[in-house]
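To start, the structure itself, in structure tokens.
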Amino acid sequence: MTRTQLGFAALIIGGIIAPLIGIYPTFLMKCWCFALFACAFNLLLGYTGLLSFGHAAFLGAAGYMAGHSIKVWGLPPELGILTATAFAGVLGYAFGSLAIRRAGIYFAMITLALAQMLYFLWLQMKFTGGEDGLQGVPRGKLFGVIDLADNLNLYYFVFAIFLSGFFLIYRTINSPFGQVLKSIRENEPRAISLGYDVDKYKLLAFVLSAALSGLAGATKTVVFQLASLTDAHWHMSGEVVLMTLIGGLGTVFGPVVGAFIVVGLQNQLADKVGSWVQVIMGAIFVLFVLAFRRGIVGELIALFERKRVR
Amino acid sequence: MFELLGITPQALYSQLLVGLINGSFYAMMSLGLAIIFGMLNIINFTHGAQYMMGAFLAWIGLTQLGPWLGHPDFALNYWVALIVVPLVVGALGILIERTMLQRLYKLDHLYGLLLTFGIALILEGLFRYSYGVSGQSYDIPESLRGAINLGFMYLPKYRAWVIVASLAVCFATWYVIERTKLGSYLRAGTENPRLVQAFGVNVPLMITLTYGFGVALAAFAGVLAAPIFTVSPLMGANLIIVVFAVVVIGGMGSILGSIVTGLGLGLLEGLTKVFYPEASSVVVFVIMSIVLLVRPAGLFGREK
């Protein structure tokens, strides 16, 4: 078995037994949602080399869309989530086509500004409930049969969503399309000279990443029965960068590890240290940028490689 | 004419004044960002936090410092703060540059953005922890209270001072960079640091000082802002994102361009507040989107 297969097996087995050995399912579901979000983000930053500093826009927008479509339109959860994912994809197309007009640092600033614009819109719109958020979203019945009000049912539903999203990303980065994305990351002028229409590739990667972030956001809304402004705030955009950075940019499993660490830390620290959480997050950011740019998984891979060479 | 639209001239003028003030802050902030980006190739995400620190240190100087030192009557007044605070924050900036930023110059510049983002989180978090999120108020200095009657409107003295001071600082900066020998080193360093170094100019020192200056400019804006806006840990973060949009609109290639774009957008925002208040918080971002569609390099930018 290769290392990746081993990783997949560990992930699946771990995911299945985790709630059975007494880990709180709601916490785990939160982790899986953020893990999917971080993996979707990593597709863009780690594999295409585009730093979006506004990815919370897609998480938040899909959250509202899912909440609204399930609560007000009365859609079943699976359709609500699909609608929201599609919505995030469309939004990704709009944001992406604007942002890819500039490269590098400007790309980050544009995505951040667009996300902030959307944040202000949500704040003003009536249906989002403003600062209170969109509350009381019913969990409903999956395919009309499985009752998602039961935490364990919901857990496996969420885990299945994560796995399918994760697998889709894995397939994408190992497809010819993914190879082109990596070539853009490594050397864009060269990719252009080889005849690739890099803007199209970048845009498609952006849309895919936005839609999957939306999938994560919609699922999160179903889990917490709430869509709120927090998910659309720039802090969230920063958090997803942090998760990906801690785990390892451009590694398959890194963002998952990063998401579990960040969500776990916040969970542990929130009631103990209060507003120090932000300081600690900032310090971790600084530490990883200065000392461990490859992230945890990236450093582990490098360690294995060194051992093998010896 | 304005009455037809249901808007009094007073409302229009006062919003235009607010717009001009916001515009001068955008101009100072985007100028600092542009100078730093020119030399360091880093987008300084900490800029907003440094602006916030400027306002906070001024407030601390006025209300907290005396009691801390055991002399309750002692206070760092506004005029002293206007000089001292930018120096202190600038020195802290230099410390950040020397100890951390410096290690990242050879890497992709996304790491510079991430590092400064992390530092911004730390600073914001520290002030939040110490002073909470609710704002503190800073009294307008004695000599700038009251208003001048211009005939068509009352112009509060302090607001007039903010506009004059920020324009003076912006144009002084422009003059130094574009018209003096020091500025020519700086511009040459932006174009080709290695060549300038070969001519015997101490480029690393120049980079450090540039960062310090850009940061000091943000802190100066912060001190100016303290009496107008409430002093709160979040004041910088909200501003910096708009300033990023301003920078995208103007492009960072030109000093004068940053100043003009900043002021213009402030005014436009003020006008929007009069005619369609719902859109005032997003108007800058909408303009950014339009500029990206029409002129991707920005109004004053150069296509690279």
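The values are calculated or read from the model by the stated rules, or taken from the named source; none is laboratory data. Bear in mind that the values here come from a model prediction, so they are computed numbers and not experimental data. Heads up, the Cβs are rebuilt from the backbone with ideal geometry, glycines too, and the neighbour counts pull from every protein chain shown.
Test A:Leu303 against the criterion of being within 26 Å of A:Gly178 (Cα to Cα), at pLDDT below 90 and out of contact with any Pro (no Cβ under 7 Å at 6 or more places or on another chain), and give yes or no.
Against the criterion (within 26 Å of A:Gly178 (Cα to Cα), at pLDDT below 90 and out of contact with any Pro (no Cβ under 7 Å at 6 or more places or on another chain)), A:Leu303 qualifies.
Among the residues of the stretch B:207-252 satisfying the criterion of being within 14 Å of chain A (Cβ to nearest Cβ) and touching a His at 6+ places or on another chain (Cβ under 8 Å), which is farthest from B:Ser184 (Cα to Cα)?
Checked the stretch B:207-252; the qualifying residue farthest from B:Ser184 (Cα to Cα) is B:Gly236.
Just one of the numbered conditions (1) in a helix (DSSP H, G or I); (2) out of contact with any Leu (no Cβ under 6 Å at 6 or more places or on another chain); (3) at pLDDT 90 or above is not true of B:Pro227; which one?
Here B:Pro227 clears every test but (1).
Quick one: how many residues across the stretch B:103-120 are more than 8 Å from chain A (Cβ to nearest Cβ), crowded, with 21+ Cβ neighbours inside 10 Å and either under 21 Å from A:Arg185 (Cα atoms) or modelled with pLDDT under 90 (or both)?
Matching residues across the stretch B:103-120 total 1.
Could you give every pair whose Cβ atoms fall below 7 Å, whose first residue belongs to the stretch A:168-192 and is at negative phi, and whose second residue is at pLDDT below 95 and not in a helix (DSSP H, G or I), counting only separations of at least 6 or pairs across chains?
Taking only residues 6 or more apart or on different chains, the pairs are A:Tyr170/A:Val252; A:Val180/A:Tyr196; A:Ile184/A:Gly49; A:Arg185/A:Gly49.
Name the residues in the stretch B:292-304 that are crowded, with 22+ Cβ neighbours inside 10 Å and part of a helix (DSSP H, G or I), would you?
Just the residues of the stretch B:292-304 that are crowded, with 22+ Cβ neighbours inside 10 Å, to begin with: B:292, B:298.
Once the filter is applied, which keeps residues that are crowded, with 22+ Cβ neighbours inside 10 Å and part of a helix (DSSP H, G or I), the stretch B:292-304 yields only B:Leu292.
Can you pull out the residues in the stretch A:107-148 that are more than 14 Å from every other protein chain (Cβ to nearest Cβ), in a loop (DSSP other than H, G, I, E, B) and not small (Gly, Ala, Ser)?
Once the filter is applied, which keeps residues that are more than 14 Å from every other protein chain (Cβ to nearest Cβ), in a loop (DSSP other than H, G, I, E, B) and not small (Gly, Ala, Ser), the stretch A:107-148 yields A:Phe127, A:Thr128, A:Val137, A:Pro138, A:Arg139, A:Phe143, A:Val145, A:Leu148.
So, in the stretch B:253-304, exactly how many residues are in contact with a helix residue (DSSP H, G or I) (Cβ under 7 Å, 6 or more places away or on another chain), away from chain A (no Cβ under 14 Å) and over 22 Å from B:Leu167 (Cβ atoms)?
Of the residues in that region, 1 qualify.
Only one of (1) within 14 Å of chain A (Cβ to nearest Cβ); (2) among the aliphatic types (A, V, I, L, M); (3) buried (at least 17 other Cβ atoms within 10 Å of the Cβ) fails for B:Val133. Which number is that?
Of everything listed in (1) within 14 Å of chain A (Cβ to nearest Cβ); (2) among the aliphatic types (A, V, I, L, M); (3) buried (at least 17 other Cβ atoms within 10 Å of the Cβ), B:Val133 misses just condition (3).
Given the condition buried (at least 23 other Cβ atoms within 10 Å of the Cβ), over 19 Å from the mean Cα position of the chain (by Cα) and part of a helix (DSSP H, G or I), answer yes or no: does some residue in the stretch A:74-91 qualify?
Yes: one or more hits.
Looking at (1) assigned to a loop (DSSP other than H, G, I, E, B); (2) within 20 Å of B:Ile255 (Cβ to Cβ); (3) among the aromatic types (Phe, Trp, Tyr), find the lone condition where B:Tyr138 falls short.
Here B:Tyr138 meets the rest and fails (2).
Are there any pairs, at least 6 apart or on different chains, whose C-beta atoms fall under 7 Å, with the first in the stretch A:26-51 and under 20 Å from A:Tyr156 (Cα atoms) and the second among the basic types (Lys, Arg) and crowded, with 24+ Cβ neighbours inside 10 Å, and if so, which?
A:Cys33/A:Lys220
Yes/no per residue for (1) in contact with a Pro (Cβ under 9 Å, 6 or more places away or on another chain); (2) part of a helix (DSSP H, G or I); (3) within 14 Å of chain A (Cβ to nearest Cβ):
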| residue | (1), (2), (3) |
| --- | --- |
| B:Trp79 | yes, yes, no |
| B:Ile122 | no, yes, yes |
| B:Phe152 | yes, no, no |
| B:Leu155 | no, no, no |
| B:Ala168 | no, yes, no |
| B:Ala172 | no, yes, no |
| B:Ile177 | no, yes, no |
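Answer yes or no: is there a residue in the stretch B:44-59 that is among the β-branched types (Val, Ile, Thr), buried (at least 24 other Cβ atoms within 10 Å of the Cβ), under 19 Å from B:Asn238 (Cα atoms) and modelled with pLDDT of 90 or more.
Yes, the stretch B:44-59 contains at least one residue that is among the β-branched types (Val, Ile, Thr), buried (at least 24 other Cβ atoms within 10 Å of the Cβ), under 19 Å from B:Asn238 (Cα atoms) and modelled with pLDDT of 90 or more.
Is it the case, given these coordinates, that B:Phe117 is outside any helix (DSSP H, G or I) and in contact with a helix residue (DSSP H, G or I) (Cβ under 8 Å, 6 or more places away or on another chain)?
Values: outside any helix (DSSP H, G or I): no; in contact with a helix residue (DSSP H, G or I) (Cβ under 8 Å, 6 or more places away or on another chain): yes.
Here the answer is no, as B:Phe117 does not meet what is asked.
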